[in-house]
Amino acid sequence: MNDGRVTGLWELTRPGNAFAAGVLTFIGAFVAGIGDATVADPVVNVAAAIVATWFATAAGNAINDYFDREIDAINDPDRPIPRGAVSPRGALLFSAALFAGAMAATLTLPPLAIAIAAVNLLALIAYTEWFKGLPGVGNAVVACLGGSTFLFGGAAVGSVAESGVLFALAALSTLTREIIKDVEDMEGDREEGLNTLPLAVGARPALVAGAVLLVAAVLASPLPYLWTTFGVAYLAAVAPADAVMLYAAYESFDDPSAGQSHLKYGMFLAAVAFVVGRAVTLL
């Protein structure tokens, strides 16, 4: 295997995204309470969940590049398949191997975590086959898949109550980001014949819908404090994250590329706020 192909396969995984997904799984477990876990060996379970998340995210990214190879030739010609570093068949086989690794790690976890992984796999298949080009539906599936990393981490240690709130907030903010990304990709999606939300209703109405969803997430972000799950430290930590995300939504009306990028940073800061909230309760 030549170096160019190895590099191409590595790029297919979108390693930054896969690493971030693993971190979010850990955050979900931490917020749920690793120290209060109801499973026999929570540390081993969390490690297995992180590995499973990395493999599953990498596999999903690779299979997405396989199905998007014609769109990427327009929107992102430097991706591995359009530039010829990896063949479509090679990407498909690589994705299958990654999915197998994810399944092997998942089967060591509690039944609830296995169930979440199974639902996610079905959702991913449905997304690539049917939902991707439906206005808003594909975005919602991606948002739920992204947010479910927190649920998966919580399930690995036997509890999804606290991580469930994080899932809901993450899903709403991810849905906004997916809508903004579709605005950014309108040209290629139009060429491919996809009927994304911006193409169906127009760029500005789609961005308004995304902004409304994000405002709902921001308004809901104080709930863990109001429910006394976390204290004032969480509230202080989540406020800057909310500010960054609101600015990103505003920015996306003039520059969708910058808006969706900055929204990602705000989402990560919000996840850190949950870590701060849980950490303070342990002191």
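The values are calculated or read from the model by the stated rules, or taken from the named source; none is laboratory data. This one's a predicted model, so the numbers in the text were calculated from it and none came from an experiment. Please note: Cβ atoms are built from the backbone with ideal geometry, for glycine as well, and neighbour counts cover all protein chains shown.
Of all the residues that make up segment 42-81, how many are of a type in the set (Lys, Arg) and part of a helix (DSSP H, G or I)? Reasoning before the result, please.
In the first step, residues of segment 42-81 are kept if they are of a type in the set (Lys, Arg); the result is 69, 79.
Of the ones still in play, those that are also part of a helix (DSSP H, G or I) are 69.
So the answer is 1.
Consider segment 82-120 and keep the residues that are touching a residue at least 60 places away in the same chain (Cβ under 8 Å) and among the β-branched types (Val, Ile, Thr). The one that is farthest from ALA47 (Cα to Cα) is VAL86. Remark: pairs (first residue in segment 67-79, surrounded by fewer than 16 Cβ atoms within 10 Å (Cβ to Cβ); second residue not in a helix (DSSP H, G or I); Cβ separation under 7 Å; 6+ apart in sequence or on different chains) = PRO77/ARG83. For segment 173-219, filtering for residues that are surrounded by fewer than 23 Cβ atoms within 10 Å (Cβ to Cβ) and β-branched (Val, Ile, Thr) leaves 5.
Among VAL6, VAL51, VAL23, which is the only one that is farther than 21 Å from ASP185 by Cβ, at pLDDT below 95 and either in contact with a helix residue (DSSP H, G or I) (Cβ under 9 Å, 6 or more places away or on another chain) or surrounded by 16 or more Cβ atoms within 10 Å (Cβ to Cβ) (or both)? Lay out the reasoning, then the answer.
Working: VAL6 fails: either in contact with a helix residue (DSSP H, G or I) (Cβ under 9 Å, 6 or more places away or on another chain) or surrounded by 16 or more Cβ atoms within 10 Å (Cβ to Cβ) (or both); VAL51 fails: at pLDDT below 95.
Result: VAL23 is the single residue among VAL6, VAL51, VAL23 that is farther than 21 Å from ASP185 by Cβ, at pLDDT below 95 and either in contact with a helix residue (DSSP H, G or I) (Cβ under 9 Å, 6 or more places away or on another chain) or surrounded by 16 or more Cβ atoms within 10 Å (Cβ to Cβ) (or both).
Taking segment 162-202 as the search range and keeping residues that are of a type outside the set (Asp, Glu) and outside any helix (DSSP H, G or I), which one is farthest from ALA270 (Cα to Cα)?
As a first pass, look at segment 162-202 and keep what is of a type outside the set (Asp, Glu): 163-177, 179-181, 183, 186, 188, 190, 193-202.
From what is left, the residues that are outside any helix (DSSP H, G or I) are 193-196, 202.
Values: GLY193: 35, LEU194: 32, ASN195: 31, THR196: 28, GLY202: 29 Å.
Once the filter is applied, the top-ranked residue is GLY193.
Provide a single number: the residues in segment 150-161 that are assigned to a helix (DSSP H, G or I) and either touching a Gly at 6+ places or on another chain (Cβ under 7 Å) or free of Cβ contacts under 8 Å to residues at least 24 places away in the same chain (or both).
Of the residues in segment 150-161, the ones assigned to a helix (DSSP H, G or I) are 150-156, 161.
Adding the requirement that they be either touching a Gly at 6+ places or on another chain (Cβ under 7 Å) or free of Cβ contacts under 8 Å to residues at least 24 places away in the same chain (or both) leaves 150-154.
Result for segment 150-161: 5.
Being touching a residue at least 24 places away in the same chain (Cβ under 8 Å) and within 17 Å of the chain's Cα centre (by Cα) is the requirement here; does GLY147 meet it? Let's see the steps before the verdict.
Values: touching a residue at least 24 places away in the same chain (Cβ under 8 Å): yes; within 17 Å of the chain's Cα centre (by Cα): yes.
Yes.
LEU92: farther than 23 Å from GLU184 by Cβ, within 23 Å of the chain's Cα centre (by Cα) and surrounded by 22 or more Cβ atoms within 10 Å (Cβ to Cβ), yes or no? Before the answer, list the steps.
On the way: farther than 23 Å from GLU184 by Cβ: yes; within 23 Å of the chain's Cα centre (by Cα): yes; surrounded by 22 or more Cβ atoms within 10 Å (Cβ to Cβ): no.
For LEU92, the condition - farther than 23 Å from GLU184 by Cβ, within 23 Å of the chain's Cα centre (by Cα) and surrounded by 22 or more Cβ atoms within 10 Å (Cβ to Cβ) - is not met.
In the condition set (1) in a helix (DSSP H, G or I); (2) buried (at least 20 other Cβ atoms within 10 Å of the Cβ); (3) among the β-branched types (Val, Ile, Thr), VAL86 is compliant with all but (1). Exactly one residue among ALA236, ALA203 is farther than 15 Å from LEU166 by Cα and modelled with pLDDT of 95 or more, and that residue is ALA236.
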